[in-house]
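Since the structure comes first, as structure tokens, the remarks are kept for the end.
The values are calculated or read from the model by the stated rules, or taken from the named source; none is laboratory data. Quick caveat, the model's predicted, so the values are computed rather than measured. Cβ placement follows ideal geometry from the backbone for every residue including glycine, while neighbour counts extend to all protein chains displayed. What goes into the accessible areas is simple: the full protein's heavy atoms, side chains included, and nothing from ligands, DNA or RNA. Shrake-Rupley method; radii C 1.70, N 1.55, O 1.52, S 1.80 Å.
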Amino acid sequence: MIERIFKISLTILILSVLCCSNKGYAQISVKGTPYSFGIEEKSARIVPQLSMETIDIEEQLKYDEENKVENRFAIGESVNISIRDEASKAELDHGTVYQYQINAAGAKSLGLYFEDFQIPDGAELYVYNTARTQLLGAFTSENNKQNGILSIAQLIDDNLIIDYYEPYNADFEGTLYLGKVFKSYREMASVFSTSAARVGINCPGGEDWQDIKHAVLRMLYYEGVSGYYCSGALVNNANFDGTPYFLTANHCISDSLAAASLVTYFNYENSTCTERDAVLAQSLSGSTLKTSFQPTDVTLLELTEYPSVDYQPYFAGWSISGLPAESGVGIHHPGGSPKCISYTNTISSFENEINWEDSLLSPINSHWAVEFYNGTTEQGSSGSPLFNQNGQIVGQLHGGNDEVSFYGKLYYAWNSGGLKQFLNPYDLDLREIEGTFIKTDLRVETEYACIGTPVQLFDISVPESESWEWNIDPLSFEFVGESNANSKNPVVQFLSAGSYSVSLKIKNDFGNDSITYENIILVSDELDVNFANAADQIEICGSELGAYEFTATGAATYDFDFTEAERFDAIVEDNVLSLSLRDQYKRLESFSFSVIVNGTHGDCSDADTIDVDVLIPTNDYIQNAEVLSLGTNTGYTNDCAGVEDLEPEPQSGNCMSEGYWCSDSELLQNTVWFKFYGPSSGIVSVEAIGFDTQIALYGANSEEDLLSDKSDRINLINANDNPLSVVREAKLENVKVKPGKMYWLQVDGNQGITGDLTINLLSNSLEMFPIPADQELSITFASEVDADVTFEIYSLTGNQYSTTELQTQLDENTFSFDVSALPNGIYLVHAIIGNEIFTRRLSILH
């Protein structure tokens with residue numbers, strides 16, 4: 001626990017910076033072109049200009065340094081201009097264009113603060129620089145707010161033109177009263193600057209936070225005559241109704257005027273860890289203050305503009321369990337930079353009071369103390385959320401130092417800070433909720449329809465819509481029953497074949513939105529049912545047949561059937577059949593089966609079949625180990641093999657040392673098993689040929705012992721990965737074994753490689769079966785090389801009964817001899833193999 005009291009600057013705010021692109025970026029607005037762009041050649045007119053005071057950049061930077069305000073970026077100058085009264089006017093056939101120019105020499109960028117903005121339907125406001133390389137707008141009546149304030153994001157230039165169009169038939173005369181112009185005095189590079197401690201949200205490790213990151217926003221706001229930055233996050237409420245609540249720090253915004261000036265930026269992030277391509281393309285203006293609580297430094301706002309679906313707004317979940325998270329992340333905009341992430345597994349409750357540098361005090365146990373092991377927080381990160389391991393907000397950043405970041409606890413401010421009345425207004429019995437995307441969306445009952453058969457359309461927007469307008473193209477359809485174009489979930493039937501597009505416009509408390517799916521429904525008088533992305537015949541490893549999905553397309557409803565049904569557990573969900581091979585069949589032989597689907601919609605139907613070959617190497621399991629004979633053993637593969645639980649493995653080490661596998665190999669991926677009895681010579685050599693193999697030889701009393709995970713019951717005889725630096729096929733040479741004892745051979749592919757496999761089991765010995773013999777005797781000449789063999793049988797008194805000349809090869813080394821004519825008794829067998837002579841006793845018993 002941290003013992004000392006921290007004094008930390010309360011003014012940990014974010015600095016503004018604007019995109020260096022010459023393309024316009026926009027708040028919620030309607031894309032368009034100012035009418036004035038088309039009339040300038042028809043008439044010459046003087047646009048009134050206001051030349052503002054030149055900004056003293058050095059003076060402002062010095063002030064920030066002396067007062068430790070590293071995140072202020074702009075100063076405001078009062079202008080008090082009524083655009084309708086002071087701008088130039090150009091009369092058109094259908095309305096009037098008003099224009100006014102503002103110049104601010106030396107400013108890095110300019111932002112507008114309208115103290116009274118109320119314009120009628122059909123009116124449009126644009127802001128652009130004189131070079132017309134940047135264009136903001138059009139802002140319309142959709143941007144009207146109850147408090148009349150409109151804060152427009154910064155335009156990167158030292159001049160701009162305000163361009164307002166109002167139609168003649170407007171319901172009322174618009175009011176555009178510009179109170180202040182905010183002039184930025186900081187270079188963009190000072191905000192875009194990078195830090196070695198920063199970790200971009202799209203760097204490796206950020207993959208698990210790609211949904212949740214959309215909740216975190218970069219924010220700009222004005223307070224008095226200064227502009228600042230902070231971080232914050234969209235937060236969900238227990239009603240899941242999409243209310244755009246925004247959580248940030250009290251020391252960032254704590255009054256209604258600052259809240260009204262808020263501009264929030266969505267998706268300001270670099271696309272990769274190395275790219276520097278973040279743009280300020282998506283923003284909203286304005287908010288209302290809901291509650292603010294100094295002890296934990298929390299503020300809850302409600303955005304007054306609703307984010308478009310294109311912004312991918314995510315409303316983060318939260319937890320008020322009061323227990324420290326096991327791990328978590330902070331997602332934020334340090335120094336106004338593109339979105340970053342910091343990782344922690346050290347989160348504790350801070351048990352001391354915190355005396356902040358401006359003498360404000362935070363109570364004991366009101367904050368989480370967080371140490372990040374990767375990434376950091378900086379000026380500008382204030383107000384950003386701390387997410388627990390489940391992706392739920394548990395606090396917001398207050399301040400910190402180089403070692404510890406302090407987050408105000410969400411649960412501490414839940415009741416006393418007023419958060420509960422907004423985030424859980426009906427006092428539901430819960431301590432946490434999940435996050436969710438807010439979206440406008442639709443669903444169709446089927447994408448493949450039969451002519452004349454009803455199809456239902458569904459509005460699945462979140463939050464719930466209040467009015468609907470459905471459009472279908474082409475128009476050869478009709479609504480069914482009591483439904484119509486303004487029903488929530490209408491039913492339609494199509495009158496002719498073809499592809500149909502469906503659009504939905506919705507309206508709710510947060511505004512209007514729409515979505516269109518091109519060619520979403522294919523209508524015909526016959527269906528074409530198929531298994532998606534699959535050939536008529538496929539091969540699947542038995543080890544992969546766990547929840548293996550067969551997906552059908554081309555119909556509305558589907559019936560599945562399959563052969564060899566006793567081998568599978570099956571689940572059917574809509575158009576997907578999921579099959580899992582039962583454990584008892586994973587240890588048997590390969591087999592084949594077929595899957596059949598019949599799809600229908602109305603009177604139309606069609607069917608498809610897919611044939612499946614399931615590949616199962618039976619010796620994937622130790623209990624099914626293949627028996628090796630001396631010589632060449634072929635016809636094996638480790639394709640489709642896996643690894644059993646508790647399967648033994650050798651140590652990793654020097655690749656060319658016996659007893660080890662390579663240290664750079666990922667051990668045990670596709671193992672198969674063999675077994676053999678020790679030959680009479682007591683010496684064997686093993687070669688595993690076919691691909692880059694690695695092998696291990698074990699001694700044990702049973703298969704169960706090999707899977708016991710008990711070292712005293714398993715004896716690793718030897719192992720090998722690479723016998724030579726240029727040879728990748730593993731080999732064991734002259735390994736001592738006990739004659740007649742069972743041994744197990746494990747074969748794997750280095751780094752997961754698979755292929756066809758040949759095992760040479762070699763020993764200079766003579767093996768006979770059966771003993772005693774009756775009618776026929778099998779002899780294996782286990783030479784390590786091809787050789788001529790002279791085979792002779794003698795009585796114990798030296799009488800020769802037979803002699804045979806043979807040629808033995810590794811793959812042809814076992815021969816049968818007729819001994820039915822030999823009397824019962826004991827005989828001597830001589831085998832001359834190359835330059836070696838082997839003698840064995842033979843027992844005959846008829």
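Some points to look at:
- Of the residues 633, 695, 662, the one whose Cα sits farthest towards the positive end of the charge dipole of segment 622-741 is 633 (charges of +1 on Lys and Arg Cβ, -1 on Asp and Glu Cβ, taken about the Cα centre).
- A protection proxy built from the mean count of other Cβ atoms within 10 Å ranks the segments 597-608, 792-803, 391-402, most packed first, as 391-402, 597-608, 792-803.
- Debye log10 I(q)/I(0) for the chain, one point scatterer per Cα, at q = 0.05, 0.06, 0.08 Å⁻¹: -0.49, -0.65, -0.91
- Using 0.36 nm per residue and subtracting the Cα-Cα separation, the extra length available between residue 547 and residue 809 on full extension is 89.6 nm.
- Cα coordinate range in segment 211-329, projected on the principal axes (Å, largest first): 42, 39, 27
- When every Cα-Cα distance of segment 525-637 is counted in 5 angstrom steps from zero, the calculated P(r) takes the values 2, 11, 20, 19, 14, 11, 8, 6, 4, 3, 2, 1, 0, 0 percent.
- Partner lysines whose Cα lies under 27 Å from the Cα of residue 488, excluding those fewer than 8 positions away in the same chain, are identified as 439, 505, 507.
- Within the accessible area of segment 520-589, the carbon and sulfur atoms contribute 41%, probe 1.4 Å, all protein chains present.
- By the helix-only formula, in which each DSSP H run with n ≥ 4 contributes -39500 (n - 2.57) and the sum is divided by residues, the chain has a 222 nm mean residue ellipticity of -1000 deg cm²/dmol.
- Distance histogram in 10 Å bins (all Cα pairs of segment 374-439, percent per bin): 17, 45, 29, 9, 0
- The convex hull defined by the C-alpha atoms of segment 409-457 has an orientation-averaged projected area of 6.1 nm².
- In Hz, Karplus ³J(HN,Hα) per residue of segment 284-290 (6.51, -1.76, 1.60; θ = phi - 60°; x = Gly, Pro): 10, 10, x, 7, 10, 7, 9
- Near residue 347, once Lys and Arg are set to +1 and Asp and Glu to -1 for all other residues with Cβ below 9 Å from its Cβ, the sum equals -2.
- Between residue 709 and residue 649, full extension at 0.36 nm per residue minus the direct alpha carbon distance yields a gain of 20.6 nm.
- Note on exposure: 290, 738 ranked by accessible area (1.4 Å probe, complete protein assembly) read 738, 290, with the most exposed listed first.
- Note on segment 712-846: Cα convex hull, mean projected area over all directions, 11.6 nm².
- Only protein atoms count toward the accessible area here, which uses a 1.4 Å probe; on segment 288-441, the carbon and sulfur part of that area reaches 42 percent.
- Between 0 and 90°, nearest 10: helix 57-66 axis offset from the chain longest Cα axis: 70
- Taking each of 108/339; 290/420; 108/180 in turn, the alpha-carbon distance tops 19 angstrom for 108/339.
- Under-5 Å amide H pairs with residue 642, H placed in peptide plane, nonlocal only: 671
- Percent of Cα pairs exceeding the 14 Å cut-off, where the set is segment 210-276: 64
- Amide H contacts of residue 123 (H built 1.01 Å from N, under 5 Å, at least 5 apart or other chain): 141
- Panel note: the C-alpha atoms of segment 64-182, placed on their principal axes, show extents of 55, 33, 21 Å (largest first).
- Computed over all pairs of different Cα atoms, the Kirkwood value for the hydrodynamic radius of segment 761-838 is 13.0 Å.
- Think of a 1.4 Å ball rolled over the protein heavy atoms: the chain then has 44 Å² of accessible area per residue.
- With the whole protein complex present, residue 243 retains an accessible surface near 20 Å², based on a 1.4 Å probe.
- For segment 624-707, the Kirkwood hydrodynamic radius from C-alpha pairs, put into Stokes-Einstein at 25 °C and a viscosity of 0.890 mPa s, yields a diffusion coefficient of 169 µm² per second.
- Listed cross-link partners 145/213; 586/736; 62/145 are compared with a 30 Å cut-off, the Cα-Cα value being larger for 586/736; 62/145.
- Relative contact order of the chain, pairs being alpha-carbon contacts under 8 Å that are 6 or more residues apart, as %: 8
- Value of D in µm² per second that Stokes-Einstein yields for segment 300-369, Kirkwood Rh from Cα pairs, at 20 °C (1.002 mPa s): 137
- Sulfur and carbon atoms: percent of accessible area, segment 670-793 [1.4 Å]: 46
- Straight-distance candidates among the aspartates and glutamates for linking to residue 731, with alpha-carbon spacing under 12 Å and chain neighbours fewer than 8 residues away dropped: 658, 687, 692, 721.
- Across the alpha-carbon atoms of segment 243-296, the computed radius of gyration and Dmax are 14.3, 39 angstrom.
- Label zone at residue 609, where the point sits 7 Å out along the Cα-to-Cβ direction: segment 524-539 residues whose backbone N lies under 13 Å: 536-537
- Sequence-ordered 3J(HN,Hα) estimates for segment 494-501 from the Karplus curve with 6.51, -1.76 and 1.60 and θ = phi - 60° stand at 9, 9, 8, 6, x, 9, 10, 9 Hz, glycine and proline given as x.
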